[in-house]
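A quick write-up on the structure given underneath.
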Amino acid sequence: MSDVKKFLYVNRKAPYGTIYALESLEVVLIGAAFDQDVSLAFLDDGVFQLTRDQNTDGIGVKNFSPTFRALGDYDVTRLYVEKESLDERGLTADDLQEIMYEDEDDDWAEKPAIRIVSRAEMTDIMAEQDVILSF
Amino acid sequence: MSTLHTVNKSPFVNRTLESCLNHCKDGDAVLMIEDGVYGGLGGTAVSAIVAEKAGSVSIHVLTPDMEARGLSADRLLDGITCVGYDGFVELVTKHDRTQAWL
Amino acid sequence: MEYQVNGKTIPADEEGYITNLDDWSPELAEEIAKTENIEMDEERWEVVNFLRDYYQEYQIAPAVRVLIKAIKKSMGPEKGNNKYMYELFPYGPAKQACKIAGLPKPTGCV
Amino acid sequence: MKIGVVISEGPYTHEAADTAYNFVKAALTAGHEVPRVFFYHDGVNVSTRLSVPPQDERHIQNNWTDLAREHGIDLVVCIAAAQRRGILDRNEAERQGKDTDNIAEGFRISGLGQLIEMGIQTDRLVMFGD
């Protein structure tokens, strides 16, 4: 067993209606300093966190959606988004903002961090974790 | 390798239980706690999807939460097991990880 | 605590972080730096501007290691290292540079 | 076995802090170790020593303080979540220029890193919330 554990942050809630999405992101940013194997899962209403064109001016709440684009700087490079959850909500991958990271092992090539996965794949991803944090 | 899933939402308010069941693998366990215990009742709008999973996944209900809500074990679907907090702890240790469906 | 800039009073908290992020101006940055015993020069402005741009784009102040990595990438390894950063800001870039850049106070996590 | 616990919902409004309490007691009785409980989101509100529930109701904060004292559990309150919701220890109260602190005995305010560390150092992590 290596000392590195697989951490999965499961995001199932929409942004702004409750604070869970924002405070989940805060854990991810801090947790990134611990050199664990980190990935994020977005399913159910969690997929709404990643939609484009969020503008919170009218509700007077901080818009944290741009922060997802900083995750690559923190070496968080895998954001799994469940296809069925998108479908159920009438969304496609094009409705999500573009989140890129630079691949250190591939001459710093820019690659998309969002990976659309099926429900069966998501189930497998969850089943291979050491620690699952739910938000 | 298997997972203990906990569900604490009534299945009549949102689809958390359904989502949980959709992400279970064979050999996993589901424990219904707090308002989640309503998901274990027979003759409800969600009984069919719970019963369908009950073969490949073991399904449990936390007795103290059930009793607090005036539900008796005979109202539960066949194949569902009642456990106390000690049983909850046992489920946590028996499975490799716990995933809370909050 | 408060700062005086061009005859205006800018409110700040006990530790000198400005209360309203919109109050920030380059003149105010010079004032904050003075109370930190820091003389703003081109090198320090480079870091402060970088922090402001980063905040503008991502809505967070970067963690120190992220800041250093990013500076290394855009300005080269002679600037993107701990030693250089602490020479410019002896009490740490997170504390001092963020304060001068008018970013929110770090919550002190980790 | 080492079991880490997270409470991410406020007391009294939600059952999470009660379920967690009963779970931790059962885990300790079964001979397991619960080295730390981490309070996040509105869960940080469990730690205020200023709550005064009616005498015929359970005192959630006292229960945790007593359990922690008896079994040496590290009760950690997330600083970022605590600052938003007005939970302060003496240090933070002074740093933020507030006239009082309100954290109860047995709890300490610290960073989110403590949550990750708990995930790394325990065999199981169990979350209670909404």
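The values are calculated or read from the model by the stated rules, or taken from the named source; none is laboratory data. For clarity, every value in this text was computed on a predicted model and none was experimentally measured. Ideal geometry is used to build each Cβ from the backbone, glycine not excepted, and the neighbour counts take in all protein chains shown. Keep in mind that these areas ignore ligands, DNA and RNA; they rest on the heavy atoms of the full protein, side chains included. Shrake-Rupley method; radii C 1.70, N 1.55, O 1.52, S 1.80 Å.
For A:LEU40, the requirement of being buried (at least 18 other Cβ atoms within 10 Å of the Cβ), within 15 Å of A:THR123 (Cα to Cα) and within 10 Å of the chain's Cα centre (by Cα) is met. So is D:ALA16 open to solvent by less than 30 Å² (accessible area, probe 1.4 Å), in contact with a strand residue (DSSP E or B) (Cβ under 8 Å, 6 or more places away or on another chain) and closer than 20 Å to B:ASP86 by Cα or not? So D:ALA16 passes the test. Given the structure, is B:VAL57 in contact with a Leu (Cβ under 7 Å, 6 or more places away or on another chain) and more than 9 Å from every other protein chain (Cβ to nearest Cβ)? It is false that B:VAL57 is in contact with a Leu (Cβ under 7 Å, 6 or more places away or on another chain) and more than 9 Å from every other protein chain (Cβ to nearest Cβ). Please work out if A:ASP105 is at pLDDT below 95 and part of a helix (DSSP H, G or I). Criteria met by A:ASP105. Just name the residue that is farthest from D:ARG95 (Cα to Cα) out of those in segment C:53-107 that are among the small types (Gly, Ala, Ser) and without any contact (Cβ under 8 Å) to a residue 24 or more places away in the chain. Within segment C:53-107, the match that is farthest from D:ARG95 (Cα to Cα) is C:GLY76. Beta carbons closer than 8 Å, at least 6 apart along the sequence or on distinct chains, never pair a first residue in segment B:78-89 that is more than 21 Å from D:ALA20 (Cα to Cα) and among the hydroxyl-bearing types (Ser, Thr, Tyr) with a second that is crowded, with 18+ Cβ neighbours inside 10 Å and at pLDDT below 95. Can you name the residue in segment C:6-42 that is open to solvent by 70 Å² or more (accessible area, probe 1.4 Å) and in contact (Cβ under 8 Å) with a residue 12 or more places away in the chain and, of all such residues, is farthest from C:PRO106 (Cα to Cα)? So, considering only residues that are open to solvent by 70 Å² or more (accessible area, probe 1.4 Å) and in contact (Cβ under 8 Å) with a residue 12 or more places away in the chain, the one farthest from C:PRO106 (Cα to Cα) is C:ASN6. Give me a count of the residues in segment A:14-26 that are aromatic (Phe, Trp, Tyr) and either more than 9 Å from chain D (Cβ to nearest Cβ) or not in a helix (DSSP H, G or I) (or both). The number of residues fulfilling the criteria is 1.
In segment C:51-60, of all residues being closer than 17 Å to C:GLY80 by Cβ and crowded, with 19+ Cβ neighbours inside 10 Å, the one that is nearest to the other protein chains (Cβ to nearest Cβ) corresponds to C:TYR54. Scanning segment A:27-43 for residues that are in a loop (DSSP other than H, G, I, E, B) and on the phi < 0 side of the Ramachandran plot gives A:GLN36, A:LEU43. The number of residues in segment D:19-39 that are open to solvent by 20 Å² or more (accessible area, probe 1.4 Å) and in a loop (DSSP other than H, G, I, E, B) comes to 4.
Among helices (runs of 4 or more DSSP H) lying entirely in chain B, which contain 3 or more residues that are within 22 Å of A:GLU84 (Cα to Cα)? It comes to B:16-22, B:47-53. Of the residues making up segment C:86-100, at least one is within 14 Å of another protein chain (Cβ to nearest Cβ), open to solvent by 40 Å² or more (accessible area, probe 1.4 Å), not in a loop (DSSP other than H, G, I, E, B) and not aliphatic (A, V, I, L, M).
Whenever a residue of segment A:1-26 is more than 21 Å from A:ALA70 (Cα to Cα) and without any contact (Cβ under 8 Å) to a residue 40 or more places away in the chain, its partners that are open to solvent by 60 Å² or more (accessible area, probe 1.4 Å) and part of a loop (DSSP other than H, G, I, E, B), lying with C-beta atoms within less than 8 angstrom and at least six residues away or across chains, give the pairs A:VAL4/A:ASP35. Go through segment A:78-111 and give me each residue that's in contact with a Leu (Cβ under 9 Å, 6 or more places away or on another chain) and open to solvent by 30 Å² or more (accessible area, probe 1.4 Å). The answer is A:ARG78, A:TYR80, A:GLU84, A:THR92, A:ALA93, A:ASP95.
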